[in-house]
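What follows is calculated from the coordinates using simple rules that are stated; it is not laboratory data. Only a predicted model underlies this, so the values are computations on that prediction, with no experimental measurement involved. For neighbour counting, all protein chains shown are included, and Cβ atoms are generated from backbone atoms with ideal geometry for every residue, glycine included.
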Amino acid sequence: MYTKASDPTDGPLTLEELQLATRNRGMPLEAMRYDITPVGMHYLLTHFDVPFVDADSWRLQVGGAVARPFELSLDDISAMPAQTLAVTMECAGNGRARLRPRPLSNPWLYEAIGNAEWTGTSLWPLLDRAGLNDDAVELLFTGADRGLQKEVEHNYQRSLTVEEVKRPEVMLVYAMNGRPLEPQNGFPLRLLVPGWYGMTSVKWLQGIEAVTQPFTGYQQHNTYRFKQSADELGEPVQRIRPRALMVPPGVPDYFSRHRMVDAGRVELIQGRAWSGQGEITKVEVGVDGSWSEATLGDSVGPFAWRSWSFAWEAKPGEHTLSCRATDSTGAAQPIDQPWNYQGMGNNSVQTVAVTVR
């Protein structure tokens, strides 16, 4: 029996959650074998509808508290100095469905991730060209997608401080893995903010406005907050917390996804680890609660995930495998995730139940 969404619950998935789950998709964890996630396997979250945008008539409006407002076509932006960066992107709600009681939103497990190569142009030179006024404190980014959330109708909008957008890796991107953005990935142009959770990288970008007061729109002020109740303001969700995930070993049962592994030495338990706060410095693998350090591999780039591997002497029986990452700030994944009302930033360790036969 499905219930109508109201408050966080321990009960079955609601009809509303199932609707969201069928519109959005996670990356199958076996896709971590690819350094660069294929476009069709990269996670996807769309808040409202995917807008239809005609690239020929589309223009990016740059204005607000600037000396020289202007607009740009896609050809104008494509003609600017370009760079390509591999960036690991993760949804802020990744892991939400594993919290108890369960916050009601898209019911992500572990799979709301992906690591793509994004091509575009650095944002700051455009803002420098516009000439920010001295009283500008933030840049407001407006997407073409529009809808209601908690009865508030709005275009999807997020803001960043002036200091944040000065980072050269903050980009306006028009290509993903060497080809134009797909409609669901933000065609014709999106923002890319490496190191931050995915909600910051506004898709279907149509406007950049310099503002003189911090933005308090719905997607900035009402959601994407660490808070304990609906009435609490809480702290904003920003940079990605450290996380390691493993490619589930062996073969799966179709329905339960339970793993089956043959006894003996499993040479390659493998996975990826990343953090928006600093470099990954350690990954540990747990076998039935006993932790050992994994071997770290290379990172695909300064803003991309890092590979790791571990050899396991698999003995017959039932086992639980897990993994956890530590970054250069000393931040490590928790074993048990502290609960929060919106289910944000859940980076508790992954567990994989395995039968060794």
Cα→Cβ-extended label distance, 7 Å offset, between GLU16 and ALA263, nm: 5.1
Over the chain, what is the relative contact order in percent, taking alpha-carbon pairs closer than 8 angstrom and at least six residues apart? 17
Yeah, the range 122-234 with a ≥ b ≥ c from its alpha-carbon gyration tensor (a/c under 1.5 is rounded, else prolate when a/b outruns b/c, oblate otherwise) is oblate
Scaled radius of gyration (Cα, divided by 2.2 N^0.38 Å) that the range 111-156 gives: 1.69
Rounded to one decimal in Å, the inverse mean reciprocal Cα-Cα distance for the range 1-128, i.e. its Kirkwood radius, is 17.9
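Using only DSSP helix segments of four residues or longer, with each worth -39500 (n - 2.57), what per-residue ellipticity at 222 nm results for the chain after dividing by its residue count and rounding to 500?
Calculated from helices alone, the mean residue ellipticity at 222 nm is -1500 deg cm²/dmol.
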Spacing of the two label points (7 Å from each Cα toward its C-beta) at ARG179 and THR295, in nm: 3.5
Pairs of Cα atoms under 8 Å, at least six residues apart: use those to get the relative contact order of the range 243-356, whole percent. 33
Indicate the gyration tensor shape class of the range 314-357 (rounded, prolate or oblate), computed on the Cα atoms with a ≥ b ≥ c the square roots of the eigenvalues: a/c under 1.5 is rounded; otherwise a/b larger than b/c is prolate and the rest oblate. oblate
Quick check for you: which residues of the range 178-218 have the amide N under 19 Å from the point 7 Å beyond the Cα of ALA67 toward its beta carbon? 209-212
Which distance in Å, rounded to a whole number, links the C-alpha centroids of the range 159-204 and the range 325-349? 25
Hey, what's the Kirkwood Rh for the range 258-320 if you take every pair of different alpha carbons, in angstrom? 13.0
Taking GluC sites (Glu not before Pro) that fall in a DSSP loop and have at most 16 other Cβ atoms within 10 Å as cut points, what is the longest piece of the chain between them? 1-150
Taking the range 88-189, which trypsin sites (Lys or Arg not before Pro) meet the DSSP loop condition and have no more than 15 other C-beta atoms within 10 Å? LYS150, LYS166
Averaging 1/r across every pair of distinct alpha carbons in the range 243-356 and inverting yields a Kirkwood hydrodynamic radius, in angstrom, of 14.8
Using 7 Å Cα-to-Cβ label points, what is the LYS315/ARG239 separation (nm, one decimal)? 4.1
Quick check: from the Cα gyration tensor, does the range 208-290 come out rounded (a/c under 1.5), prolate or oblate? prolate
I'm checking a number: the convex hull volume of the Cα atoms of the range 176-227, normalised per residue, in Å³. What is it? 117
Using the Kirkwood radius over Cα pairs, work out the Stokes-Einstein diffusion coefficient for the chain at 10 °C and 1.306 mPa s, in µm²/s as a whole number. 74
